[in-house]
Amino acid sequence: MLDTLIFLLERLFLLAHIKLSSLLPPHAKDSARCEREDPPGGAQRFQRGDLLEVPRTLFTHFGIYLGENRVAHLIPDILPALTADSCQIQEMVTNTRLLLGVLSKRASVRVDSVEDFAYGARILLNAMDGAVRSAPLPAEEVARRAERLLGGVAYSLLWNNCEHFVTFCRYGSAQSLQTDQFCAWLKSLIRDRRNVAVTALLGLLSMVCLGVSSGTALPTLLIPFTLWMAS
């Protein structure tokens with residue numbers, strides 16, 4: 001059962017994934033690609049209050065640089081709900097801890113080293129500045145906002161994730177371009193009237209295979225009707 005949930009979650013991440021460079025204007029794309037990728041000298045080149053972005057296979061992870069090789073980031077984690085041992089909790093979050101945190105809607109804003117935050121991936125520096133309309137807040141204010149939020153928080157894959165955390169800290173309002181992309185895809189899916197016919201056909205097939213009952217007849221009627229009214 002857990003394997004199935006993890007598989008579905010990975011598919012959701014894949015659908016929600018957004019290539020930030022596709023949202024940037026041409027000059028911002030070049031800047032992000034040529035000047036803002038993990039600069040030589042590593043953390044020594046990052047400034048307090050910088051927004052760090054790590055593209056990963058299924059999603060993009062974000063954090064705020066606090067100085068002295070430290071990054072504050074919001075990450076799903078089940079372990080704080082299971083133990084109060086700060087030594088165990090402070091260890092790098094494994095994929096299992098992360099996925100169980102997503103499913104249980106538990107997360108924390110924590111501080112890790114730049115290396116642990118990046119997890120071997122390249123780091124983009126302030127790349128979101130070209131995609132968000134609001135101007136960045138002063139760097140010290142950005143870092144202090146992140147520090148004030150350290151600790152356990154409720155987690156939502158769509159409505160309160162690591163991107164909401166960094167945009168609130170850096171731009172003053174929480175938003176997620178990845179969530180916006182997913183919602184736009186979902187809206188287009190619902191408004192596609194071809195799905196009405198597909199769901200009706202699947203409903204009829206379920207009635208043929210499983211027999212006519214309230215468990216098959218109601219979904220066969222209600223799902224296509226709902227999609228039709230929403231399209």
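Quick one: residue 46 ticks every box in (1) at pLDDT below 90; (2) more than 23 Å from residue 152 (Cα to Cα) except a single one, so which number is it?
(1)
I'd like the full set of residues that are out of contact with any Gly (no Cβ under 7 Å at 6 or more places or on another chain) and among the β-branched types (Val, Ile, Thr), limited to region 113-140. Reasoning before the result, please.
Quick first cut of region 113-140, residues out of contact with any Gly (no Cβ under 7 Å at 6 or more places or on another chain) only: 113, 115-116, 118-133, 135-136, 138.
123, 132 - these are the residues of region 113-140 that are out of contact with any Gly (no Cβ under 7 Å at 6 or more places or on another chain) and among the β-branched types (Val, Ile, Thr).
For a quick check of your reading: which helices (runs of 4 or more DSSP H) sit entirely within region 127-231 and have at least 2 residues that are surrounded by 16 or more Cβ atoms within 10 Å (Cβ to Cβ), under 18 Å from the mean Cα position of the chain (by Cα) and of a type in the set (A, V, I, L, M, F, W, C)?
Details: elements: 139-148, 162-171, 177-191, 194-210, 214-230.
In region 127-231, the matching helices (runs of 4 or more DSSP H) lie at 162-171, 177-191.
Can you tell me which of 106, 148 is touching a helix residue (DSSP H, G or I) at 6+ places or on another chain (Cβ under 6 Å) and either of a type in the set (Asp, Glu) or closer than 17 Å to residue 72 by Cα (or both)?
Details: 148 fails: touching a helix residue (DSSP H, G or I) at 6+ places or on another chain (Cβ under 6 Å).
Selected residue: 106, the only one of 106, 148 that is touching a helix residue (DSSP H, G or I) at 6+ places or on another chain (Cβ under 6 Å) and either of a type in the set (Asp, Glu) or closer than 17 Å to residue 72 by Cα (or both).
Taking region 121-177 as the search range and keeping residues that are in contact with a His (Cβ under 9 Å, 6 or more places away or on another chain) and among the aliphatic types (A, V, I, L, M), which one is modelled with the lowest pLDDT?
Within region 121-177, the first condition is being in contact with a His (Cβ under 9 Å, 6 or more places away or on another chain), and the residues that meet it are 121, 130, 146, 156, 162-163, 165-166, 174-176.
After this cut, where a residue has to be among the aliphatic types (A, V, I, L, M) as well, the list is 121, 146, 166, 174.
Values: 121: 87, 146: 97, 166: 95, 174: 91.
The qualifying residue modelled with the lowest pLDDT is 121.
Can you tell me which residue in region 54-71 is farthest from residue 129 (Cα to Cα), limited to those that are over 11 Å from the mean Cα position of the chain (by Cα) and crowded, with 24+ Cβ neighbours inside 10 Å?
Going through the qualifying residues, I end up with 71.
Mind checking which pairs have a first residue in region 172-201 that is under 30 Å from residue 140 (Cα atoms) and a second that is surrounded by fewer than 17 Cβ atoms within 10 Å (Cβ to Cβ) and hydroxyl-bearing (Ser, Thr, Tyr), Cβ under 7 Å, 6 or more apart or different chains?
From region 172-201, the pairs are 172/134; 173/134.
Take region 93-126 and flag every residue that is closer than 18 Å to residue 170 by Cα and part of a loop (DSSP other than H, G, I, E, B).
Of everything in region 93-126, those that are closer than 18 Å to residue 170 by Cα and part of a loop (DSSP other than H, G, I, E, B) turn out to be 123, 126.
Applying the selection to region 117-126, what residues are at negative phi and surrounded by 16 or more Cβ atoms within 10 Å (Cβ to Cβ)? Spell out how you get there, then give the answer.
Keep residues of region 117-126 that are at negative phi, which gives 117-118, 121-125.
Result: 117, 118, 123, 124, 125.
May I ask you to verify whether residue 137 is within 21 Å of residue 58 (Cβ to Cβ) and in contact with a Phe, Trp or Tyr (Cβ under 9 Å, 6 or more places away or on another chain)? Break it down into steps so the answer makes sense when it comes.
Working: within 21 Å of residue 58 (Cβ to Cβ): no; in contact with a Phe, Trp or Tyr (Cβ under 9 Å, 6 or more places away or on another chain): yes.
So residue 137 fails the test.
The values are calculated or read from the model by the stated rules, or taken from the named source; none is laboratory data. Nothing here was measured: the structure is a model prediction, and the numbers come from that model. Please note: Cβ atoms are built from the backbone with ideal geometry, for glycine as well, and neighbour counts cover all protein chains shown.
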